[in-house]
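A short write-up of the structure that comes next.
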Amino acid sequence: MNKFNDELQARMEELLERKKADLLTPEEIIALEEIGELDRIFTHINAMLVAQHND
């Protein structure tokens, strides 16, 4: 799982750098949005797991 997260993080950082330089292709714009959505989902799941663990 960490490798997957590390790869997603690296890809997200790469895309964000390209976005800053205004170099994103339409496909990369979609990829960045999808990775952002996955990040939100993982954050939500992790928060739920922490809450369950603390109960």
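Read the figures in this text as sums done on the coordinates, not as results from a lab. Only a predicted model underlies this, so the values are computations on that prediction, with no experimental measurement involved. Please note: Cβ atoms are built from the backbone with ideal geometry, for glycine as well, and neighbour counts cover all protein chains shown.
Summary table below
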quantity: Integer Hz, Karplus 6.51/-1.76/1.60 couplings in order for the stretch 39-55, x for Gly and Pro; calculated: 4, 5, 5, 4, 4, 5, 4, 4, 5, 5, 5, 5, 4, 5, 5, 7, 6
quantity: Against the rule of thumb 2.2 N^0.38 Å, how large the Cα Rg of the chain comes out; calculated: 1.39
quantity: Student exercise, the chain dipole from Lys, Arg, Asp, Glu Cβ charges, in Debye to nearest 20; calculated: 100 debye
quantity: Summed side-chain charge close to Leu32 - residues other than Leu32 whose Cβ falls under 9 Å, Lys, Arg +1, Asp, Glu -1; calculated: 0
quantity: C-alpha long axis of helix 2-20 to longest principal axis of the chain, angle in °; calculated: 40 degrees
